[in-house]
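Input: a single structure, listed below in structure tokens.
The values are calculated or read from the model by the stated rules, or taken from the named source; none is laboratory data. Keep in mind that what you see is a predicted model, and the values were worked out from it rather than measured. Quick reminder, even Gly has a Cβ in these numbers, built from the backbone with ideal geometry, and neighbours come from all protein chains shown. Heavy atoms of the whole protein, side chains included, go into the accessibility calculation; ligands, DNA and RNA do not. Shrake-Rupley method; radii C 1.70, N 1.55, O 1.52, S 1.80 Å.
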Amino acid sequence: RPHRLLPHPADFVLKPQREGGGNNFYGDAIPPKLASLAPGDEAAYILMERIRPPVHHGRLLVRGEVARRMSTLSELGILSAFLCGTEGEEVRNEYAGHLLRTKAEAADEGGVAAGFAVLDSPLLV
């Protein structure tokens with residue numbers, strides 16, 4: 001079982017294989033979750049090493065209100081589109097956009113729609 005191989009669970013996140021975010025398990029919550037899964041149910045989850053982006057100070061605009069100055073971090077997602085044919089041949093594999101979201105440093109979850117993060121714009125210099 002993978003939970004026996006996690007000497008540092010704080011460095012990982014266990015995510016369900018579904019869209020929409022949320023329902024993730026962090027740190028010390030991972031081993032008991034893995035232990036509770038029936039054999040074969042592990043395939044419904046992905047265990048990922050946590051990415052630790054640099055922290056910066058900022059203010060978030062949430063529901064029209066500017067929040068107090070806080071420690072924040074930003075995550076840049078690069079989107080792609082991949083389509084293959086019935087024989088497995090690549091039909092399309094291309095860039096499809098980007099998303100920059102910023103959240104409070106203390107927040108584990110990062111979903112914009114769930115209210116954990118806000119959309120942001122990169123400053124190109």
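Go through the range 41-83 and give me each residue that's open to solvent by 70 Å² or more (accessible area, probe 1.4 Å), at negative phi and assigned to a loop (DSSP other than H, G, I, E, B).
Within the range 41-83, I51, R52, P54, R59, R68, R69 meet the criteria.
Quick one: is G27 exposed (fewer than 11 other Cβ atoms within 10 Å of the Cβ) and at positive phi?
Spelling it out, it is not the case that G27 is exposed (fewer than 11 other Cβ atoms within 10 Å of the Cβ) and at positive phi.
What are the pairs, 6+ residues apart or on separate chains, where a residue within the range 78-98 that is within 26 Å of D120 (Cα to Cα) has its Cβ under 9 Å from a residue that is β-branched (V, I, T)?
So the pair list comes out as F82/V91; Y95/I78; A96/I78; G97/I78; H98/I78.
Taking E49 as the residue in question, decide whether it is touching a residue at least 12 places away in the same chain (Cβ under 8 Å), of a type in the set (D, E, K, R) and touching a Ser or Thr at 6+ places or on another chain (Cβ under 9 Å).
Against the criterion (touching a residue at least 12 places away in the same chain (Cβ under 8 Å), of a type in the set (D, E, K, R) and touching a Ser or Thr at 6+ places or on another chain (Cβ under 9 Å)), E49 does not qualify.
Could you pull out the residue among A106, A38 that is loosely packed, with under 11 Cβ neighbours inside 10 Å, in contact (Cβ under 8 Å) with a residue 24 or more places away in the chain and either under 20 Å from P122 (Cβ atoms) or of a type outside the set (S, T, N, Q) (or both)?
A106
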